[in-house]
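Data first, discussion second: the structure below is written as structure tokens.
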Amino acid sequence: MTYAGWHIEQLRFSGTNDREAILKFAPGLTLIYGASNTGKSFAVKALDFMLGGGRELPNIQERKPYNRVFLNLALAQREVTLERAIVGGAFKLHQGDSEPETLAPKHDSNHPANISTFLLGSMDASGKKVVVDASGTHNNLTFRDFAGVVLTNETAIQSENSPIESGERNDVTRERNVLKFM
């Protein structure tokens, strides 16, 4: 079976004394499950963080030996690695043997060297617009628009509302149109 677009291959934490923690993924839908307090929520937060999320990772005891996070992605034509400090900031994009490229953490359609534009470009969605309200106003599509759909946590699944909707009344049209775009 082949998959369109790209998929996450692994999430890796590195730190002092060559310490590493690795979570590997296969192509397709992935469910992270397990007993309470085993790191499921932290793993989802770490994936969101590495896909451009602005929230710092929870400062839990298990995180302390690590200072860098890496996300390996299999794109349509190549494999890349995203690197970020565990406390946030810019990304480093590693592609083959070339020097890493710095990507800003926030979407900016005027400056394409950012994580959102890179990820959208890998999906042939860079520069696309999405309708955000009933009057037909368009805004730039960002990768953060996809994040809530592709990374769903337990709370969103258990909610009586759709997991594609944040619950913010002003965002319903945008969220539904992002799903239609997908």
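The values are calculated or read from the model by the stated rules, or taken from the named source; none is laboratory data. Just so we're clear, the structure is a prediction, and the values are computed from it rather than from any experiment. Note that we place each Cβ from the backbone using ideal geometry, even for glycine, and neighbour counts take in every protein chain shown. Please note that ligands, DNA and RNA were not included when accessible areas were found on the heavy atoms of the full protein model with its side chains. Shrake-Rupley method; radii C 1.70, N 1.55, O 1.52, S 1.80 Å.
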query = Can you pick out the pairs among Lys92/Lys180; Lys106/Lys180; Lys40/Lys64; Lys106/Lys129 whose Cα atoms lie more than 27 Å from each other?
reply = Lys92/Lys180
query = Given just the C-alpha atoms of segment 56-182, how large is their convex hull per residue in cubic angstrom?
reply = 139 Å³
Accessible area of the chain divided out per residue, in Å², using a probe of 1.4 angstrom = 63 Å²
note = About its Cα centre, the chain carries a charge dipole, from +1 on Lys and Arg Cβ atoms and -1 on Asp and Glu Cβ atoms, whose size in debye to the nearest 20 is 140 debye
key: C-alpha long axis of helix 172-181 to longest principal axis of the chain, angle in °   = 70 degrees
task = With a 1.4 Å probe and every protein chain kept in, tell me what percent of the accessible surface of segment 30-165 is carbon plus sulfur.
result = 47 percent
query = Summing Lys, Arg as +1 and Asp, Glu as -1, what charge do residues with Cβ under 13 Å from the Cβ of Thr16 carry, Thr16 excluded?
reply = +2
key: Loop GluC sites (Glu not before Pro), segment 39-116 (other Cβ atoms within 10 Å of the site Cβ: 13 or fewer; DSSP)   = Glu56
inquiry  = Can you return the aspartates and glutamates within cross-link range of Lys45? Criterion is Cα-Cα under 17 Å, with same-chain partners fewer than 8 residues away left out.
reply    = Glu9, Glu56, Glu62, Glu83, Asp145, Glu154
Assigned charges on the beta-carbon of Lys, Arg, Asp, Glu; segment 88-133 dipole about Cα centre (debye) = 160 debye
query = Given the Cα-Cα distance of Lys64 and Thr38 and 0.36 nm per residue of separation, how much length would full extension add, in nm?
reply = 7.8 nm
task = Name the longest site-free stretch of the chain, where the excluded sites are trypsin sites (Lys or Arg not before Pro) in a DSSP loop with no more than 11 other beta-carbon atoms within 10 Å.
result = 79-182
